[in-house]
Structures are given as structure tokens and as C-alpha cells.
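Quick one: the structure is below, questions incoming.
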Amino acid sequence: FPDTIKSPEKIKFVSLGYYSSEELEKNIEGLKLFPNIEYLEIKTSSQFRKSDIKDTLKIPENLNELSKLKYLQLSGTYHIGFDDLFIRLQSLSSLAYLGLPFALEDVQLPESFLKFKNLKGIKISGFKKFIFPNNMDGMDNLESIVMPGESYENISEEFLKFSTLPALKNLALSFVKIKKEDLLPFQKYSKLERLYLSNFEIGNVQDLVDNISQENNLKELRIENLKSNKGISDYSKLKNLEKLHISSYSDYKISLHESLYDLENLKSLTVHTDSLFSLSENLGDLKNLEELKFSYNNLTSLPSQIGKLKKLRHLILRNN
């Protein structure tokens, strides 16, 4: 109902239901009413099953007329030709972030992906493998990768490919089981600033820290649903860390090693587990802390030195 929209120039976010490629082309033609669209989602009504697929998704040519489009998110399940997709998107010079649909089978990303030079971020969903091209030279702007890691027999091969990306700053992995030898490529991730790991299983979390580049610039480490036998025993390499978030299964026992309190740049500390019974007086040494979250533990008191945290703004201690 275009006549009811009073300020079409203000519309920047649009989500379209997907039923057929023909209808999608008509809907995108209608989006010309909104000259400043930056985010477009094309989604199916349901996902995860082959029976949900309505059609083979074909990106219509008129998508190229959305000249300010920065984000394209393909949500749900489709049959899709990835080679055709990347070739079609190359003419969208403003497009920087791409979310791929839920994978129903293993996907080998074609060489045409490497021509998508302006890409800054890619998000992959599903429980299948997305195999990146062996040589990722030229992807100089790619700074963010979000992907699942459940189905990879040897995920270190993908980690090694990422180590050649000069701009990689953000890496998010979900449903991933990592062996010590898988972590060797992390030594080359010198530009990495944010590492998010969810549903993460590893024998010893210290192996992860030990394999981070000595000259790292890691500012945020977020580990959710951690399953591990041993936690971090030496934080000294994480000298630039500003945010640390650790939540774990109830069978994982965490202790906060004394080296944590030497992280002078730490602004946010979150630990959600049921194994913390007390906190060190050295907590007061984290002078730049602005946020402290120790929910879902077994704390009965706080150390007196918490009063030294002059910058603290948020203190959350529920479920202790």
C-alpha cells in the first residue's frame, strides 16, 4: 500500500517473504519506492526441512537497482545456485555483508565467491559444511565470518584458509568441537579483535589461548555453553582484552586464575557457571571495569576490594 507510507525515504530495513522467484522480482521492483534501503532479508516461512523449499531462489536482476544496499540476508531454506548468486551480486558495489541460507547439504563455495571483493562479512547457517575456496587471496576486505562447525571432520583446514585474510577481525563459531592441533592457524590471526564461540567443546581452554598470536589484538572473547575439562590458567597473553564472557555447562568447573586480575584494559567481565563460591580480593585491581556479571554461581559474599572499582556501572548478581 504505497499511498499509506508518508516518508518512504526513512525506510532502511525490509524483510520479504519468499514464495517464488517471479513474485520476488515483483516485490523488489516495488522497493524502488524506498530510495535508502540498506538491509534486505529474503526469507521462507519455515526452515530446516527439504519439504519447506518452495522453489529455486534466483536473485532477480532488478536487485542491482537498490544502489545503497549494504546487507543481504537469505533466511530459511532454498535450492540455490551459489555460482550464479555471487556473479549476480558483484554488480552491487555497496553490498558489504551477506547471510547465506540454511544449508541442507554440504556446500563447496565456487571460485566466483573470490570475485566478491567488497565483501566485509559473511554469515553461514545450518548444520552442514561450507567449504571455502583453497586460495582466498584478494579477499582483502573480509573482516567478519560467522559459521557453524559441527560437520567438519577437519575444521583446521578452514581455519588455515582464514589465516590468509589480512582484515579478519571477527570470528564466530557455533557447535564446534576443537582439538588442540586444530588451533595452530590461530597463531596467524594477528588482527583478530573478537572471538565468539558457542556450544564449544575443547579438552583444555588454555590450548586456545596458547595458540592465539603473541602479537594479538583480541579485545573480546565470548565463550557460551562451554564444555571442557580445564579452564584458562594464564590470561597474560590477552593483554588487550576489554570484554570476557564465559558461560558453561554445569559439569564444567571454572576458577578465575590470578593472572586475570592483571588485565588492565578489561571493561566487562561475565562469568555464568555454578562453580564459583568466592571471589578474590584482587578483583579490585581491574580498575577499568564498567560491567560485572556473576550470575548463576554460588557466591554468598563479595570481596571488600570491589569498592576500588570506581568506573563500575553495572553489577548483576542474580541467581547466587
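The values are calculated or read from the model by the stated rules, or taken from the named source; none is laboratory data. As the structure is a prediction and not an experimental result, all values here were calculated from the model. With ideal geometry, Cβ positions are generated from the backbone for all residues, glycine too; neighbour counts draw on all protein chains shown. Quick note on the areas: whole protein, heavy atoms, side chains included, nothing else; ligands and nucleic acids left out. Shrake-Rupley method; radii C 1.70, N 1.55, O 1.52, S 1.80 Å.
At 7 Å along Cα-to-Cβ for each site, give me the label-to-label distance between Lys310 and Phe175 in nm.
4.9 nm
Efficiency by 1/(1 + (r/R0)^6): what FRET value for Ser94 and Asn229, r their Cβ-Cβ distance, R0 = 35 Å, to the nearest 0.05? If you can, show how the numbers build up before the last one.
Values: r = 47 Å, r/R0 = 1.34.
Calculated value: 0.15.
For a label point 7 Å from the Cα of Lys128 along Cα→C-beta, name the residues of segment 97-115 whose backbone N is under 16 Å from it.
100-110
Rounded to the nearest 10 degrees, what's the angle between the helix 21-30 long axis and the longest principal axis of the chain, both from Cα atoms, 0 to 90?
So the inclination is approximately 90 degrees.
For the chain, with a Gaussian network of springs between Cα atoms less than 10 Å apart, report the residue from Gly203, Gly17, Gly307 with the top mean-square fluctuation.
Evaluated over the chain, the most mobile residue of the options is Gly307.
Next question. Taking a quarter of the surface of the Cα convex hull of segment 124-178, what do you get in nm²? Each step should come with its number before you reach the end.
Values: hull surface 14.2 nm².
The Cα convex hull of segment 124-178, projected and averaged over all directions, gives 3.5 nm².
Mean separation of Cα pairs under 8 Å and 6+ residues apart, divided by the residue count of the chain: what relative contact order is that in percent?
Details: 754 pairs, mean separation 24.9, N = 320.
Dividing the mean separation by the residue count of the chain yields 8 percent.
Also, quick follow-up: Which percent, to the nearest 5, of DSSP beta bridges fully inside the chain are antiparallel?
0 percent
Given R₀ = 45 Å, what would the calculated FRET efficiency be for Ser21 paired with Asn154, taking r from the Cβ atoms and rounding to 0.05?
Efficiency for this residue pair is about 0.80.
Scan the chain and hand back the longest stretch that contains none of the GluC sites (Glu not before Pro) lying in DSSP loops with at most 10 other Cβ atoms within 10 Å.
The longest uninterrupted stretch comes out as 216-320.
For P(r) over Cα pairs in 20 Å bins from 0, in percent, one of (i) 28, 49, 23, 0; (ii) 33, 57, 9, 0; (iii) 21, 44, 30, 4, 0 was computed from the structure I shared and the rest are decoys. Which label?
Computed from the coordinates, P(r) over Cα pairs in 20 Å bins from 0, in percent corresponds to (i).
Heavy-atom accessible area per residue, segment 207-272, 1.4 Å probe: how many Å²? It would help to have the intermediate numbers written out before the result.
Values: 2990 Å² over 66 residues.
Dividing the accessible area of segment 207-272 by its residue count gives 45 Å².
Can you give me the three principal axis dimensions of segment 1-146 from its C-alpha atoms, in Å, biggest first?
50, 37, 23
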